[in-house]
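Structure first, then comments.
Read-outs: derived from the displayed coordinates by stated rules, not from any lab. It should be emphasised that the depicted structure is a prediction, and the values quoted were computed from it without experimental measurement. When we count neighbours, we look across all protein chains shown, and the Cβ atoms used for this are built from the backbone with ideal geometry, even at glycine.
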């Protein structure tokens, strides 16, 4: 694709909206990844509370996931691997949403763990709604990216 | 757009994503080796009848908390909804426990810290009194406070 080819296709307000959405989504992932990367030990316990993975899986995820979030968020903001980053972020959002929904269905009274321990998250309902909104944003970025 | 172009445009995000997945392995590996707060590979072992704070929190409202510490410590602060039940005043406190106890709930007993044995003793005594599903909170009050 020629650089800037998609910018010619959209009106200015749409381009600005797209720019803001891309940077906001990327920055959010960098932020949430960084908070989790600060304390993988605590994050592993947060993951464990979902009762979805054996402990070793929680450990591996706690070590790996924060950096994937940071990396994907960063390249989305910097527009380096835009589509690849969007793919990773969409995939993660789908997984997070499913995990939250399953916690809700099973009646688990847990914190989301979305931002590690630094931000006290309130249960699973709010994060679930937020994730669905973020998925919508990611979906819009996909559409316009075509 | 030809089929080949289309396939190419589909492949590119996947290829880029794979590179991101692989690249994240590097800092993840470094974290595993050097992060001061890296998780331990082996899960903390639990004694029989013992549960971690995270497990108990996962039970939600289905928990009946029992504070096995002294009444002074209980009055200073306790888990919300917990009732006092220690061995010193067992004869006065156990009837109160029976009044408030809900058989549908899991009884979780705690004392001050991992080193204390009171919660185990109280849990044992409750089991002897035919109270089903009694658990001891691993790490006790300290673990609960650290959790908040």
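Quick look at the numbers
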{"item": "Choice from B:127, B:12, B:37 with maximal GNM fluctuation in chain B (Cα, 10 Å cutoff)", "result": "B:12"}
{"item": "Efficiency of FRET between residue B:73 and residue B:100 - r from beta-carbon atoms, R0 22 angstrom, step 0.05", "result": "0.65"}
{"item": "Relative contact order for chain B, counting Cα pairs under 8 Å that sit 6 or more residues apart, in percent", "result": "24 percent"}
{"item": "18 Å cut-off, amide nitrogen to a point 7 angstrom out along residue B:128 Cα→Cβ, residues in region B:70-93", "result": "B:85-93"}
{"item": "Within a Gaussian network of chain B (alpha carbon springs, distance under 10 Å), most fluctuating of B:29, B:81, B:49", "result": "B:29"}
{"item": "Ratio Rg/Rh, restricted to the protein assembly as shown and using Cα atoms, in which Rh is the Kirkwood radius", "result": "1.12"}
{"item": "Reference-scaled alpha-carbon Rg (2.2 N^0.38 Å with N residues) for region A:15-144", "result": "1.03"}
{"item": "Set of region B:52-70 residues, backbone N closer than 18 Å to the point 7 Å along the Cα-Cβ line of residue A:52", "result": "B:55, B:58-59"}
{"item": "Additional length obtainable on full extension of the chain from residue A:91 to residue A:31, 0.36 nm per residue less Cα span", "result": "19.8 nm"}
{"item": "Listed residues B:34, B:94, B:135, most fluctuating in chain B (Gaussian network, C-alpha, under 10 Å)", "result": "B:34"}
{"item": "Relative contact order (%) - region A:15-144, alpha-carbon pairs under 8 angstrom, separation at least six", "result": "30 percent"}
{"item": "Span from the region B:107-148 Cα centroid across to the region A:72-139 one, whole angstrom", "result": "35 Å"}
{"item": "Label-point separation, residue B:113 to residue B:9 (7 Å along Cα→Cβ), nm", "result": "6.4 nm"}
